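What follows is one structure encoded as C-alpha cells, with my remarks underneath.
The values are calculated or read from the model by the stated rules, or taken from the named source; none is laboratory data. Predicted model only: the values in this text are computed from it and were never measured. Cβ: placed from backbone, ideal geometry, glycine included. Neighbour counts: every protein chain shown. Only protein heavy atoms, including side chains, enter the accessible area calculation; ligands, DNA and RNA are left aside. Shrake-Rupley method; radii C 1.70, N 1.55, O 1.52, S 1.80 Å.
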Amino acid sequence: MQKVVLFEGVTDLYLGETGFYAAGPAMSGLAPLDMTLPEHEHAVRLREACESRLKEHGNREFSIRHESTSWRVSVLESTIETVFVLRRFPDHSPDLSDLALHPVLRDRLLRERLTGLILVTGAFGNGKTTTASAIVKTRLDLHPGVAVTIEDPPEMPLEGRHRRGVCYQTWARDGDFARGVKAAARWAPSMIYLGEIRDGDAAMEALKAAINGVLVIATMHASDVAEALERLHILASHGQNVESLSISSLMASGLRCLLWQELLGEPDAKRLSMQMLWVDEDDLTLKAKIRDQAWHQVPGEVKVQMGRIRAGLDR
C-alpha cells in the first residue's frame, strides 16, 4: 500500500468551519482540500486540536505539533466563522551552509567569541527567521555555549543539545520581548536570539545586552539597510528610561552586523540576496557615521564593503 504523505507540498493551511484550503510554492493561490483525500480527515483532526489549544490557553497565536508536523497558528475571525491559519514549520533548522552565503560573510558570522548585535532585516516573508535561526544553530554546532531564544511563538526547532552547545527556547509572555531579554540576560547565556524587535523597550534591551558581552541575534522589518538603522534608532528612542542615554552612541558600540535580505525568483525556486554592514570594533569612521545618524551614507558603506569582499580584499 502506497504511503500517503500528508499535506505534501503544502506550506499554509486555512482551516475554517465551512471549508479547508491549502497553499504552497507550487500552487497558484489557494486550493480547496479534496473531500475524498486522506488530507481532509487529518485537517478535521488538526482543526480540532487547534480549537482545543485555543480554548485551553486563549492565545490568538500559538504553535502546535500534530501527527509529526509542527505548525504556527494564527486565529482569523471573519464575518461568519473562525479560521485557523497555519504555517508549516521546517522539520529542522538550517545550517548557514544551506543558505548559499558568500564564504566571507559566513565566516564573519561564525567567528569565535563574537559579541554585539547581529540584526537580520528585510521585508515580511523574506526568510529573516530562517537566517537568524541558522546563525544560532551553526554557532552552537561550532562553539561551546548556551543560547536562549525569546520568540512569539517559537518557530524553528532549536531547542536542545547541538554538537557543542545547547539552546533553550522560550515564549515571550504576552509578546513582551523586552522582559524576555532582561530575564535571559540574568541567566548569563553566550547568545540571545530575539525573535523580533517590535517596540522601543525590546530595542533598548537588545542593545544593552549587546554591549555587555553577549551575542544578540534579532530580526526586524525594514525595506533597506538605511531604514533598518533609522528604525532601530527610532524604536530605541521610544523605550523607557532613555533620557540619559545616547541611542546612536549605544548603536555604534553595540551593533556588530546588519544584514538586509530578500528572496528573489519564482515561488518554487527562490534564491537569497543579502547585503551586509559589518562594524568592526576598531572601525572608528563607520562608528562615527552611526553615532552622527548619517543613515544616508550607509548604503555607500555597504557597497564598498561588499565590493571588497567580492574582490577578495577582505576576509
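Quick look at the numbers
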quantity: Sole exception among (1) open to solvent by 40 Å² or more (accessible area, probe 1.4 Å); (2) touching an Asp or Glu at 6+ places or on another chain (Cβ under 9 Å); (3) closer than 30 Å to ALA252 by Cβ; (4) of a type in the set (A, V, I, L, M, F, W, C) for PHE124, by number; calculated: (2)
quantity: Extreme residue, most open to solvent (accessible area, probe 1.4 Å), among residues of segment 189-208 that are among the small types (Gly, Ala, Ser) and without any contact (Cβ under 8 Å) to a residue 60 or more places away in the chain; calculated: SER190
quantity: Flag if THR79 is of a type in the set (S, T, N, Q), over 13 Å from the mean Cα position of the chain (by Cα), closer than 30 Å to ALA49 by Cα and not in a strand (DSSP E or B); calculated: yes
quantity: Check on GLN293, touching an Asp or Glu at 6+ places or on another chain (Cβ under 7 Å), assigned to a loop (DSSP other than H, G, I, E, B) and surrounded by fewer than 16 Cβ atoms within 10 Å (Cβ to Cβ); calculated: no
quantity: One residue from LEU229, LEU258 being open to solvent by less than 20 Å² (accessible area, probe 1.4 Å), in a strand (DSSP E or B) and either touching a Phe, Trp or Tyr at 6+ places or on another chain (Cβ under 9 Å) or modelled with pLDDT of 95 or more (or both); calculated: LEU258
quantity: Qualifying residues in segment 152-187 (those that are among the charged types (D, E, K, R) and assigned to a loop (DSSP other than H, G, I, E, B)) - the one nearest to ASP91 (Cα to Cα); calculated: GLU155
quantity: Residues satisfying the stated conditions in segment 198-220, i.e. at pLDDT below 95, within 25 Å of ALA123 (Cβ to Cβ) and not in a helix (DSSP H, G or I); calculated: ARG198, ASP199
